[in-house]
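The block underneath contains the structure these notes are about, expressed in structure tokens.
Every number here is computed from the coordinates shown, using simple stated rules; none is lab data. Here the structure is a predicted model, which means the values were calculated and not measured. Here the Cβ positions follow ideal geometry from the backbone for every residue, glycine too, while neighbour counts run over all protein chains shown.
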């Protein structure tokens, strides 16, 4: 059986105090996925406090007896917990810029300038992880703390993460490192960010610095966290940093370059570091699960999944590679309807398709909630992701609402999403 990893970003003590919703990540999928996920999804609920995780457990001894291959851990992201936004040579990232210049986009106008101050209190965080008994800690590295100008490394940043990694290992906790969790250096955004292909060179250099400095101890790497969200919301709707509103254009350019950045980082590791470091490199994708609002909309739920999860999973994990065909066809048709002689979805070369296929040693999957889908009624003047997928989204009134506005408790959605992945044989390696 393949190993399954589970963590929650809801905090304890100092960890993830900025988090709102329980997050499940599965690392590897197993043949027994239905049994395990049925248990996990029935025991995790959103917390109403930033300092404790509330769970409800049925007294079923068979379900409580987790395999030794099942690992529990905690997770965080650099911007959400580190603070020290301008300390020891770190330069601004896009979330620093957004919270400072657009406070109306953030609840209470809050910033991550101090946050949980994990930069200074990481030892307290590690102690909390150890006290709970977690096996591993997934954290992200602040790109602008490591490379303040894109080229030269910042020794203070290297020292901080070396100290954190060493503290984790000394306490029997495995480090799992995310290279990019949304906090793009502002100097890269100033030249277009993820919509400019020059980011491939910047990210390749950044990944190489991480492998070179930490790869002797870090054996599990995640290149990107949830590219769907940082592309759709960062360069499509503009809800997230860098707050670029470019529906139907910016989000697909971002996604295209994110995939190409991932594959370069993956092959760099395999060619340069694999033989000596013997680690694994993967990617963390997000997806909701989609249910038809009526039985006649079954194919629409399938289309929505292909446009969301398939957008990033298909090029890497499917047998044929490339974007899902339904996504290619829909965006091409809508582009023609706009009078464009080209598709808004960029095309991969045959060499890029071949390079992307299989370019991940594992899939990490983040799931929060589910949605109902029905045919789109009113299309935007500027086509965006929902227009291209041809869907409107809604909520089943029977789903309990959590504290976060977007979050409804649909535990069966994780089970059904994983079964969909398994049945579609998207994941060839698992």
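Between residue 66 and residue 353, the simple label model (points 7 Å from Cα in the Cβ direction) yields a spacing of 4.1 nm. Computed FRET efficiency, Cβ-Cβ of residue 336 and residue 245, R0 22 Å: what is it to the nearest 0.05? Efficiency, from the Cβ-Cβ distance: 0.45. For the range 291-430, the square roots of the Cα gyration tensor eigenvalues, ordered a ≥ b ≥ c, give a/c of at least 1.5 with a/b no greater than b/c, which places it in the oblate category.
Taking only alpha carbon atoms, the range 111-207 gives an Rg to Rh ratio of 1.02, where Rh is the Kirkwood radius. Taking other Cβ atoms within 10 Å as a rough exposure proxy, 88, 405 sort from fewest to most as 405, 88.
One chain, two ends: residue 229 and residue 377. Fully extended at 0.36 nm per residue, the span grows by 50.9 nm beyond their Cα-Cα distance. In the range 236-297, one over the average inverse separation of all distinct C-alpha pairs is 15.0 Å, which is the Kirkwood hydrodynamic radius.
Can you give the percent of C-alpha pairs in the range 200-265 whose distance is more than 14 Å? The proportion of pairs with Cα distances above 14 Å equals 61 percent. Note on residue 272 and residue 171: the extension gain reaches 33.4 nm, defined as 0.36 nm multiplied by sequence separation minus the Cα-Cα distance. Normalised size of the range 104-167, defined as Cα radius of gyration per 2.2 N^0.38 Å with N residues, equals 1.34. In terms of its alpha-carbon gyration tensor, the range 272-365 comes out oblate; a/c meets the 1.5 threshold, while b/c is at least as large as a/b. Taking the centroid of alpha carbons for each part, the range 172-235 and the range 239-293 are 9 Å apart.
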